[in-house]
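These notes concern the structure reproduced below.
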Amino acid sequence: MLEYSEPVTKLIDEFKRLPGIGQKSAQRLAFHVMRMAEADVERFSNAMMEVKRRIVFCDVCNNLTDVNPCRFCSNPGRDHSMICIVEEPFNLVSVEKTRSYKGVYHVLHGSLSPIRGISPDDLKLANLLPRLKPENNNDTEVKEIILATNPNTEGEATASYIARLLKPLSVKVTRIAMGMPVGSDLEYVDEVTMDKALSNRHEI
C-alpha cells in the first residue's frame, strides 16, 4: 500500500474531516493544494482564518454575519412582521434568490433528529419567542411565521414542533408549499412528492 509522507497524510486527514469528503476526494484536494502556488495557498488559508475571526451569529436571527445585528435584521426596509424560519444559513440564501420575500429570518442551525441525537435544545430556538414581542422586533407586531424547513422527515418534525410551540401565541403560522418542481416530468416523480402535490393543489 502506498504511504504518503507525514505532511501529506495530515493534510488528507484534515480534508476527510469535512462533510461529504471521503478518502479519494481528500487525496485529490490535498494534491491540488500541493500544486497551488504558495501565494494562492496563503490566500486560501487567510480566507479561512478571516471567516473564523470575523463571522459571528446574529444576536437576533442567528444568521452568520460580519456585522451584528445582520443586514436583514437591521434593515428598516424589510417587513419585520414576517419571520421565515430556515434550517441553515444557505437555506436563507435560497429564499433570497427568489427576490419575492421581503421579511426577516430565523436560522435554526439544524433540524430535529432523534437518530442523530438532535433535540429542541440543540436548535437555536431560545431567541425566537422573545422576537414576537414588538419591543424586541423594531416595534413591529409579528403577523406571520413561515416554516421553511426542508421537506424531509427531520424538516417536517421540526416544523411540527415549532408550530405546536407557537400555537398558544395566536400568531399565524404557515408552511411552504411542497409538491411538483417546476419543469419536472410526472413520470419521474416519487410517490411522496406526488402526494404532497395533490395535497397542496389549488383552484385555477
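Each reported figure results from applying straightforward, stated rules to the coordinates on display, with no laboratory input. None of the values given here were measured: they were computed from a predicted structure. Neighbour counts are summed over all protein chains in view; Cβ atoms, including those assigned to glycine, are modelled from backbone coordinates with ideal geometry.
Taking the Cα of K133, stepping 7 Å toward and past its beta carbon, and measuring to each backbone N in the stretch 151-183: which are under 18 Å?
Under cut-off, by backbone N: 166, 168-171.
Longest segment of the chain with no GluC sites (Glu not before Pro) in a DSSP loop having at most 11 other Cβ atoms within 10 Å?
The longest uninterrupted stretch comes out as 4-140.
Could you line up T98, T193, T65, T9 from fewest to most neighbouring Cβ atoms inside 10 Å?
Exposure proxy ranking, most exposed first: T98, T9, T193, T65.
How large is the Kirkwood hydrodynamic radius of the chain, in angstrom, based on all distinct alpha carbon pairs?
20.2 Å
Taking the Cβ of each residue in T153, T158, T140 as the centre, tally the other Cβ atoms inside 10 Å and list the residues starting with the fewest. Spell out each step's value before the answer.
Numbers: T153 12, T158 25, T140 15.
The most exposed by this proxy come first: T153, T140, T158.
Tabulate in residue order the Karplus-calculated ³J(HN,Hα) for the stretch 36-48, using 6.51 cos²θ - 1.76 cosθ + 1.60 with θ = phi - 60°, rounded to whole Hz; enter x for Gly and Pro.
Whole-Hz 3J(HN,Hα) from phi for the stretch 36-48: 6, 5, 4, 5, 5, 5, 5, 5, 5, 5, 5, 5, 5.
Among K97/K124; K52/K102; K24/K196; K24/K124; K124/K196; K24/K97, which pairs are too far apart, with a Cα-Cα distance over 26 Å? All intermediate terms of the calculation are to be shown ahead of the outcome.
Values: K97/K124 24 Å; K52/K102 29 Å; K24/K196 38 Å; K24/K124 35 Å; K124/K196 28 Å; K24/K97 33 Å.
Over 26 Å Cα-Cα: K52/K102; K24/K196; K24/K124; K124/K196; K24/K97.
I want to check the label-to-label distance for S184 and N152. Put each point 7 Å from Cα in the C-beta direction and report it in nm to one decimal.
1.5 nm
Using 0.36 nm times the number of residues separating M48 and T193, minus their current alpha carbon distance, what extension gain do you get?
48.4 nm
Find, among the chymotrypsin sites (Phe, Trp or Tyr not before Pro) in the stretch 99-164, those assigned to loop by DSSP (not H, G, I, E, B) with at most 14 other beta-carbon atoms within 10 angstrom.
Sites meeting the loop and neighbour criteria: none at all.
What are the ³J(HN,Hα) values, in whole Hz, obtained from phi via the Karplus relation 6.51 cos²θ - 1.76 cosθ + 1.60 with θ = phi - 60°, for each residue of the stretch 152-165 in sequence order, with x given for Gly and Pro?
Taking θ as phi minus 60°, the curve returns 10, 4, 5, x, 5, 5, 5, 4, 5, 5, 5, 4, 5, 5 Hz for the stretch 152-165.
Mean shadow of the stretch 92-204, computed from the convex hull of its alpha carbons, in nm²?
Mean projected area for the stretch 92-204: 9.3 nm², to one decimal.
For the stretch 29-91, state what percent of all Cα-Cα pairs lands in each successive 5 Å bin, counting from 0 Å until the bin that includes the largest distance.
Reading upward from the zero bin: 3, 15, 17, 17, 11, 10, 10, 8, 5, 2, 0.
For N68 and R99, what does the FRET efficiency come to when R0 = 22 Å and r is the distance between their Cβ atoms, rounded to the nearest 0.05?
0.30
Find me the longest stretch of the chain that has none of the exposed trypsin sites (Lys or Arg not before Pro), where exposed means in a DSSP loop (not H, G, I, E or B) with at most 16 other Cβ atoms within 10 Å.
Free of exposed loop sites, the longest segment is 144-200.
Quick one: Karplus J couplings for the stretch 102-117, per residue in order, coefficients 6.51, -1.76, 1.60, θ = phi - 60°, nearest Hz, x for Gly and Pro?
The phi angles translate into 10, x, 10, 10, 9, 9, 7, 6, x, 8, 5, 7, x, 4, 8, x Hz.
Cβ under 14 Å from D59's Cβ, D59 left aside: what net charge do those residues give with Lys, Arg +1 and Asp, Glu -1?
Once positives and negatives cancel, what remains is +2.
Where the only charges are on Cβ atoms (+1 Lys, Arg; -1 Asp, Glu), what is the dipole of the chain about its Cα centre, to the nearest 20 debye?
380 debye
Just want to confirm a number: the relative contact order over the chain, from Cα pairs under 8 angstrom separated by 6+ residues, in percent.
13 percent
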